[in-house]
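Read the structure below first, then the notes.
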Amino acid sequence: MTIVSADLVFAADRWERKHAFVMQGGRILGTGEPPALAERFPGEDREDWGQVAVLPGTVNGHGHSFQILLRGLGDDLGFMGWRDLVLYPYSEGLDREGIKAGALFDFAEMAKAGVTTAVDFFYLHDRGIDNDMAVVEAAREIGIRVVLARSMYDWAGAPKRYLETPAHAERNFRDLHAALSGDRTAFAQPAPHSIHGASPDMVRSGAKLAAEFDLPFHVHVAEGQYERDQSLERHGLTPVGFLDSLGVLSQRTLMVHCVWVDEKDLAIMRDRGVRVVHNPSANAFLGDGIAPVREMLELGIPVCLGTDGGCTNNRQSVFEEMRMAALLAKARAADASILGAEETVLMGTARGGEALGLPIGRIAADYAADLVVVDLGALSVNPSRTAQQQIVYSMQPEAIRRVVVGGETIVEDGKLTRVDEREIVARVRQVTSGWEPVPRDAVVRAH
Ligand SMILES: [Zn+2]
C-alpha cells in the first residue's frame with residue numbers, strides 16, 4: 001500500500017491542492033488531505049510526487065484502432081468519399097498481423113497521450129474472434145485497458161469480412177465474452193454498427209445481448225446528414241426515432257456521435273436514459289458538423305468523449321477532445337461560458353467510466369488506479385496556478401510525465417515502458433508499404 005501526495009489532484013471529481021490518495025494492488029483505496037490519510041493508514045509507504053497534477057486516466061469512448069494505419073490516405077475527403085476510396089478498399093486487405101500492428105500503433109499513441117482505457121469498435125471479424133483477440137493482445141502488450149466493442153454488421157454493401165448474420169454475431173459475441181471473462185483489463189461489449197450497417201434484427205440482437213450480460217451496447221447514431229436524410233426517406237423517422245421504434249433504447253444504449261439530432265430526438269434520448277459519446281474532432285474533420293452538447297447536458301443526457309479512428313481526426317488524445325469539445329460548443333453558441341474546462345475533464349474521465357459501466361475514470365475509493373501525471377513545471381501548463389484550466393486549453397503532450405494503468409506505469413518521461421516504439425513504427429511501415437493516398441486533385445475542391 002502506498003500513500004501518494006501531489007501538488008494538485010483531481011480527486012473524487014474535483015481539483016484539490018496538496019492532496020493525497022492511497023493505492024494498493026492496482027486500486028485506489030481512498031483520498032484525502034495528506035495528514036488525514038497518514039493517520040488513517042499509519043505505517044504505510046509514503047511518496048511525495050511533488051510539483052505534478054494527478055488526474056484519472058482518460059477514457060476514450062470511441063475508436064477503431066486499425067484505422068490509424070490509413071491516416072493521411074484520404075484527408076479532406078467527405079465521409080462517403082473517405083469510406084469508399086479509403087476505408088473499404090484498405091480494410092479489406094489487412095491481415096491479422098496488420099490488424100495487430102494497427103492496434104499496437106493506435107494504443108501506443110493513445111497511451112502516450114494519457115488514455116488509459118480505449119474502446120475499440122471493431123468490425124474486421126472474418127466471422128470469428130481471432131482478429132478481435134489480436135486487438136486485445138496488442139492492448140495487453142502496451143498495458144492499456146481495452147473495451148472490445150464487437151461490431152455487429154449485416155449490410156451487404158460493406159466488405160465481406162465485416163458481415164455476419166445476427167445468429168453468427170450473437171454466437172461470436174458470446175465466445176469473445178467468455179474468452180475475456182474474469183479479465184480486469186479487457187472487456188467485450190456488443191456494438192450493432194448503426195441503422196445503415198445493421199438490420200433491425202441485428203440491432204435488437206445487440207440490445208438483447210447487452211441486457212442479458214448487463215452491459216452497455218454501442219451504436220453509431222446520426223453522424224452525418226446523409227444518415228438522417230436516408231432514415232427519414234426509408235422509415236419516415238429520424239435515426240433516433242427509428243431506433244426508438246425498434247424498442248432498443250434504454251440506459252444501456254451508448255450512442256456514438258448524435259450530430260444530426262433535433263429537439264424531439266433529444267427528448268427521446270433523455271426519456272430513455274441513453275448516453276452519448278461525443279467525438280468533436282472527428283465530426284469536424286469529416287465535415288459532419290457539431291453535436292448539440294450543451295443541449296444534451298442541459299437535458300441531463302450524460303456525455304463522454306471519443307477520438308474516433310486515427311484517420312478521421314487525426315489525433316488520438318482525449319485531452320485534445322476536451323479542448324475541442326469546449327471550443328466547438330463555445331463557437332456554436334457564440335458564448336464562451338457555455339462549456340468550461342472542469343466539465344470537459346469530467347467528460348473525458350468519469351463520464352467515460354460510467355458509460356462503459358467500469359470502475360475507472362475517478363481517483364476515488366474502489367476505482368482502478370489509472371492515472372495521468374502532468375509535470376507542473378512544463379511550459380504549456382504554466383502559470384501553474386491555473387493548471388486546472390490549462391490542462392484542457394493549453395497543455396502539450398510533453399507535459400505528460402507518467403501514465404499508470406492498474407497501478408503499473410506504462411509511460412514514463414514520454415516513453416512507453418513495455419514496448420519499443422521504433423519496433424512498432426517498423427511494423428507499421430511494413431504493413432503500409434505501397435499504400436498511396438487518394439490524389440489531391442480528386443480531394444481538394446477548387447474555389
Ligand atoms: Zn466510429
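The values are calculated or read from the model by the stated rules, or taken from the named source; none is laboratory data. Values in this document were obtained by computation on a predicted structure and should not be read as measured data. Note: ideal-geometry Cβ built from the backbone for every residue, glycine included; neighbour counts use all protein chains shown.
Descriptive notes on the structure:
- Per-region count, region 216-226, residues more than 12 Å from the ligand (Cβ to nearest atom) and buried (at least 21 other Cβ atoms within 10 Å of the Cβ): 3
- Residue list for region 277-288, filter: away from the ligand (no atom under 11 Å from the Cβ) and touching a helix residue (DSSP H, G or I) at 6+ places or on another chain (Cβ under 6 Å): H278, P280, S281
- Scanning region 264-273 finds no residues that are more than 15 Å from E298 (Cβ to Cβ), touching a strand residue (DSSP E or B) at 6+ places or on another chain (Cβ under 9 Å) and within 16 Å of the ligand (Cβ to nearest atom).
- The strands (runs of 3 or more DSSP E) found wholly in region 1-91 and carrying at least 2 residues that are under 22 Å from the mean Cα position of the chain (by Cα) and buried (at least 19 other Cβ atoms within 10 Å of the Cβ) occupy 2-11, 52-56, 58-60.
- Test: residue in region 357-369 that is closer than 14 Å to A53 by Cβ and either of a type in the set (A, V, I, L, M) or not assigned by TED's automatic domain parsing to the domain that holds T253 (or both): yes
- Residues located in region 107-149, provided they are surrounded by fewer than 23 Cβ atoms within 10 Å (Cβ to Cβ) and among the basic types (K, R): K112, R127, R140
- In region 311-366, the residues that are in contact with a strand residue (DSSP E or B) (Cβ under 9 Å, 6 or more places away or on another chain), free of Cβ contacts under 8 Å to residues at least 24 places away in the same chain and assigned to a helix (DSSP H, G or I): none
- Residue in region 231-239 that is in a strand (DSSP E or B) and either within 16 Å of the ligand (Cβ to nearest atom) or crowded, with 23+ Cβ neighbours inside 10 Å (or both) present: no
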